[in-house]
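Worksheet for the structure shown next.
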Amino acid sequence: MEFSSKLLEKAVNEMAQLPGIGKRTALRLVLHLLKQPEERTIFLTQALSEMRTDIKLCENCHNISDEEVCAICANTQRDHQLVCVVEDVRDVMAIENTSQFKGIYHVLGGKISPIDGIGPSQLKIKSLVDKVNEGNVRELIFALSSTMEGDTTNFYIFKQIKNDQLITSTIARGIAVGDELEYADEVTLGRSIVHRIPFETTFRNN
């Protein structure tokens, strides 16, 4: 692809680094920005810059937040002894959109995947296990995707737990095996949360 401007080429190359954005799409987006009033581009760059420098991870659940504690964890109307374990912030958004869950979350930041070099120490597992073993959680809901990596992560966490009073459950298999939560429709995901099943049954039957 030939460019008449090095500045244009640089902008296109940077835009094309985004997932799902090829060079042609990046060029179309950059040319669109060029046609907009200058302040629109300034607002966009400011928003991206502020997001990158000012955004935080909640000290309690590791969800993305503007404050030290996210709005969900700070909400006294939520059930803080009901914790839903998810892979990343997109899963929090997907479950929140169902309006069916009234507890709080714990964002792991990924799944155990030896083939990708991701082990338990790379994830936010220890803080979750510590919280559970201290007796601060009544029920733990495993809501990772139904993949080998997701099931491995669920089982690893389950084996670390030393709290006999804890209820462990997993979302019902209304979510197809191999599916990611963020792509599930809200009704199916909501029903899967409401009709969750005991976690032990998921591996005793295998």
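The values are calculated or read from the model by the stated rules, or taken from the named source; none is laboratory data. From a predicted model like this one, the values you see are computed outputs, not experimental measurements. As a convention, Cβ positions derive from the backbone with ideal geometry for all residues, glycine included, and neighbour counts pool all protein chains shown.
Things worth noting here:
- When the residues of region 1-22 are filtered to those that are aliphatic (A, V, I, L, M) and surrounded by 11 or more Cβ atoms within 10 Å (Cβ to Cβ), the one that is farthest from the chain's Cα centre (by Cα) is L8.
- In region 87-131, residue surrounded by the most Cβ atoms within 10 Å (Cβ to Cβ) [restricted to those that are under 21 Å from K56 (Cα atoms) and of a type in the set (S, T, Y)]: Y105
- Looking across region 112-134, just one residue is in a loop (DSSP other than H, G, I, E, B) and farther than 15 Å from Q160 by Cβ, and that is G117.
- Breaking point among (1) over 20 Å from T153 (Cβ atoms); (2) small (G, A, S); (3) in the same structural domain as S146 (by TED's automatic domain parsing), for A47: (3)
- Selection count, region 1-22, where residues are over 25 Å from I64 (Cβ atoms) and assigned to a helix (DSSP H, G or I): 8
- A single entry from C70, C84 fulfils the requirement of being in contact with a strand residue (DSSP E or B) (Cβ under 6 Å, 6 or more places away or on another chain) and surrounded by 11 or more Cβ atoms within 10 Å (Cβ to Cβ): C84.
- Residues of region 23-64 that are surrounded by fewer than 10 Cβ atoms within 10 Å (Cβ to Cβ) and not in a helix (DSSP H, G or I): P37 alone.
- Of the residues making up region 47-56, those that are out of contact with any Ser or Thr (no Cβ under 7 Å at 6 or more places or on another chain) and under 21 Å from Y105 (Cβ atoms) number 2.
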